[in-house]
Structures are given as C-alpha cells and as structure tokens.
Amino acid sequence: MSTATLAPPHPMVGCASELCAALDRVAQVQPVYMTTGDKERALVELARAKAKLAEVEARILAASDDIAVEHGARDVADWLAHATRADARTVRADLRLATALQSRPAVAAGMAAGAVSAAQARVIVTAVEELPVELGAELAAEAERTLVGYAEHHTPRELRRLGRRILEVVAPEVAEAEEGRRLEAEERRARERASLRFRDLADGRTRVWGMLPTSVAQRLEHYLQAFTAPRQRQAGDERVPQHRAYADAFASLLELLDPDRLPEHGGDATTVLVTMTLDQLRAELAAADVIVGDGSEAISAAEARRLACQASIIPVVLGGRSEVLDLGRSRRLHSRAQRRALRLRDRGCRAEGCTVPAAWTEAHHLRPWSQGGATTLDEGIALCSHHHRRAHDRSYTQQILANGDVRFHRRT
C-alpha cells in the first residue's frame, strides 16, 4: 500500500468531514423540546459558526486557482458552481470576497472569530475599497479596523451607512471635501444610468420599468404618498395594497398636471384630448379615444366622462360627420376660481365618511354635462380621485344626503 494512501487527510478536509458528521448527529433531533434559552444560544452560536465557516471557505477559494487549471474551468467559481449545483452568481460573489479578504486581514480575523458575518464583511470591504487611493494604505487599514469594531453592534445596512461616513471618524480633516466629491460622482453616475422604459402589453396595460436617481425617486414617492396617505376607506370598501394605491395615485398625479405649464411638444403645448361622439358621451356603455401626442388608445365612455371633468384634459365631442361640437375646456370645465371656491366650500372630499383634504380633490358635476348639467358651483362638488372614479362607475348609485355629502351604493 502506498504512502499517499496512508497519509492523513489535510486539516481542512478533516474539519469539513467533522462538520458534516456533527450535523448528521442532530439530523433527527427536533428542537421542539429545547428551552427558550437553549434555542437562543443555539441560534447565536450557529450564526457565529456560519461566519467562521465562510472565512474558512474564503481562504480555500482564494488559494484554488489550480482547481480551475485542473478542470479547464474559467475560474474556481465556475467549477464550484457546477460541482455543487450552486448559483454561479452567488459563488462568484463568494470568490470576490475571498480575493478581497487577502488584503483585508482585520475583516478576515473578524470572520474567523465569528464576530463578522459574510454580509457584514462584504459591506466593510466595499466601503474600504471606495476610499480615495491617495489617502494611503494606513488610513484604509484604520477605516477597516474601525468598521470591524462597529460590526459587533450594527447590521449590514447600518454598516453601509457608517462606511459612507467613515472618513469623518478616521480623517475628519479631509472628510467634507471627499464627501462632496463622492456625492458629485454618485449623482453623475445616477444621471448617466437613469432610464425609463415602456412596453405596451396589448391588453390595456403597459409595463413601466427603469432606474432613477434616488433624489428623483424619493420626490416621486413623496408625491404619491401625498395622494395615498390620508385616504381612509369606508366600511366594506376593498382594501388596496400599497403598490396598487401608488399606481392609482400616479394616474391622479398625471391627470392634475396643467398642460399649459408643460414644455411645448411638436410645436404646441403638451395636451391630452379625449374624443367621443355625442351619442358615445351620453351612452352608458360605449368607447372613446384618448389622444396623447401622435398616439391614441381606446377607453370606455365612463372613463372619458371622468377624465373630462379634469381641467388638464380636453374633451372633444364630435357630431355625426366628425365635426367638433364642443372643445370643452372653456365652456364645460370648472374654472380655476370655481375649483378654488369648491374646495373652500366643501373643505374636503364630500363622499360620506371620506377624510381626504380639499387640496387633493377634483371638481365633479353632480348632474353630468352630457345630460344638461351646468358648470356652476351649485352643480359642482369636490371629490377625491377614488370617489370621483366611483361617481363615474356604473356599478354604483349615488345619493345626495341632507348635509350635501354623497353616499354610494353598489348596485345589486
């Protein structure tokens, strides 16, 4: 028998085997009879063990280029992903961390002690690597040690924020100038990578996706929250998830934009036209067209009637020969002064039980203009976007209460 056969396994291999054996011993043990204290200790110790194991694995990965050569793989990450049926992106991230730990001894030592998790280690490594090179290796090492110390009390998310401000701790004399440079570079990258894309799904929906600078996204979210935060649904109303509420609020925000204040587009102010025949306008079930720029999309007549209440939408009513009977803005829409008076009078949405304030309401004709209703304060009322849609929804009836509020009932 050869000497190689009798040689004991490498300590790393022995460690891996012992770990598997220890896990096998508890494979059938149920934690249901553990005390609360035992569960707490076990969970904390397992977290420390995972950090230690990640450091050992990183040490081996960093020294395993020969595996890739042996198997003709691009690198050890490719080979390991295939050999263990793991996600290639996850293994590649582990390899990047392993490579970085070779020059980050404080982070590696923290992981080996079970005090720094792999997630925390990635954050610390990234924060140190983003420090300006001209500040020198000594300052980078001090920043690394400081962040490793913070890891005992802070989550990866918190460490990320601390890492962005680490210069204020280790080099306050240059922190402000470097922060300014970092923010300028970050904002420039955000602008360069910003995108907004639209794809018509051909079923009445369009998928919108993209990447915005954080400051722009926060401002948009703040505006949408202004529409959605104060809404309190009445008893029996459908509960709407936040993402749907945001979608409704986004539509409302666009409808309230004044086209006269938008840049010219194609030689004219940006406008939205809703076209329908007089018969379509008066019919309960019909179709209309909304025209934006050079494109058009079919919508229901009920939605067209609701949109026509908005000052930022121009309803175009056509006769039998497609002649324009009414180009609605001047004669049938509430003026800015009338809308202001409605909000002052109604002090909020007049739907029964609704608490949306006046600033977020829309003017609505109590008697539809298509049925002879007049554009007056007496025949106008302030409704929030949600109840304005309900007012034009054929599945609901409306009842004017003695105090002037509107009560909605679902048709049975």
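Of note:
- Equivalent ellipsoid semi-axes, segment 111-166, via Cα gyration tensor eigenvalues times 5, rooted, Å: 19, 12, 9
- Computed FRET value (nearest 0.05) for residue 26 with residue 243, which takes r as the C-beta separation and R₀ as 56 Å: 0.85
- Under a 5 Å amide H cut-off, with hydrogens placed 1.01 Å from N, residue 351 pairs with 384, 406 among residues at least 5 apart or on other chains.
- Taken along the Cα-to-beta-carbon direction at a fixed 7 Å, the label points for residue 65 and residue 176 span 4.6 nm.
- For residue 211 and residue 160, the FRET efficiency from 1/(1 + (r/R0)^6), where r spans their Cβ atoms and R0 equals 25 Å, is about 0.85.
- Working note: Cα gyration tensor of segment 336-410, eigenvalues times five, square-rooted, sorted largest first, giving semi-axes of 17, 15, 11 Å.
- Placing pseudo-labels 7 Å out from each Cα toward the beta carbon at residue 201 and residue 411 gives an inter-label distance of 2.7 nm.
- Between residue 367 and residue 92, the contour length at 0.36 nm per residue exceeds the alpha carbon distance by 92.5 nm.
- Full-stretch length increase - residue 152, residue 19 - with 0.36 nm per residue and alpha-carbon distance subtracted: 45.3 nm
- Segment 34-190: C-alpha gyration tensor shape, a/c 1.5 cut-off, then a/b vs b/c: oblate
- Förster radius 45 Å - calculated FRET efficiency between residue 34 and residue 394 (Cβ-Cβ, nearest 0.05): 0.15
- Projected label distance in nm at residue 130 and residue 377, using a 7 Å step from Cα toward the beta-carbon: 5.6 nm
No value in this document is a laboratory result; all are computed from the given coordinates. No experiment lies behind these values; they were computed from the predicted model shown. Here Cβ is always computed from backbone atoms with ideal geometry, including for glycine, and neighbour counts include all displayed protein chains.
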